[in-house]
Amino acid sequence: MNIPANSFNSPDNNNQQILNKQLRVFADFNNADEEGHLRLNCIGAIEDLARQKIELKDGQILTFYSEDLEVEGRVKHSPEDNFWVAVIDWDNIREIEDLPKLIDVPKLMEKLRADNLSRRPKRRRTVIVKKTKKIQNSTVEAAKGLKALKEIFEEGIITEEEYQSKRQSLVNKL
């Protein structure tokens, strides 16, 4: 479920966002439920919450991160699963510039195929290919990313809408 981009920026939420700007909680972006909410039950999230002494509350806004990605989200308790989740806007996930990293496309494809076999079919997947510093490498990486993206789409791992969106993003980087 996508949340409109402006839903986290209401006047009431701006003060909380400023207060919570420093509060970053680890979240596994591959551990989302059927509604696209990030489950906050992984060891990294539990450790971050304990270390920062964060007591989760419904509606609380925090920054969630994983390796080189981050996004703001609203905390919500999931009564069905009896744990906390983060409601995020998947379109607002951003790369953290301090940690440049190239994706090993064959390894990513292998992981996504393995994940697809062990997970529910409606699961949302996000594929991000980073630009390299050299234009020549960037073009090669973007081409590899386009090929990998097409394979992921043809295998039914992502929807056509996700495919078109990510494809356009990669084409714009060429």
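Structure data summary
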{"quantity": "All positions within the stretch 41-73 that are of a type outside the set (G, A, S) and free of Cβ contacts under 8 Å to residues at least 24 places away in the same chain", "calculated": "C42, I43, I46, E47, R51, K53, E55, K57, D58, V71"}
{"quantity": "In the stretch 82-98, residue surrounded by the most Cβ atoms within 10 Å (Cβ to Cβ) [restricted to those that are assigned to a loop (DSSP other than H, G, I, E, B) and of a type in the set (D, E, K, R)]", "calculated": "D89"}
{"quantity": "Residue in the stretch 62-81 that is farther than 27 Å from L112 by Cβ, at pLDDT below 90 and open to solvent by 30 Å² or more (accessible area, probe 1.4 Å) present", "calculated": "yes"}
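The values are calculated or read from the model by the stated rules, or taken from the named source; none is laboratory data. Just so it is clear, the model here is predicted, and its values are computed rather than measured. Reconstructed Cβ throughout: ideal geometry from the backbone, glycine too, with neighbour counts over all protein chains shown. Accessible surface is based on the protein model in full, side chains and every heavy atom, while ligands, DNA and RNA are left aside. Shrake-Rupley method; radii C 1.70, N 1.55, O 1.52, S 1.80 Å.
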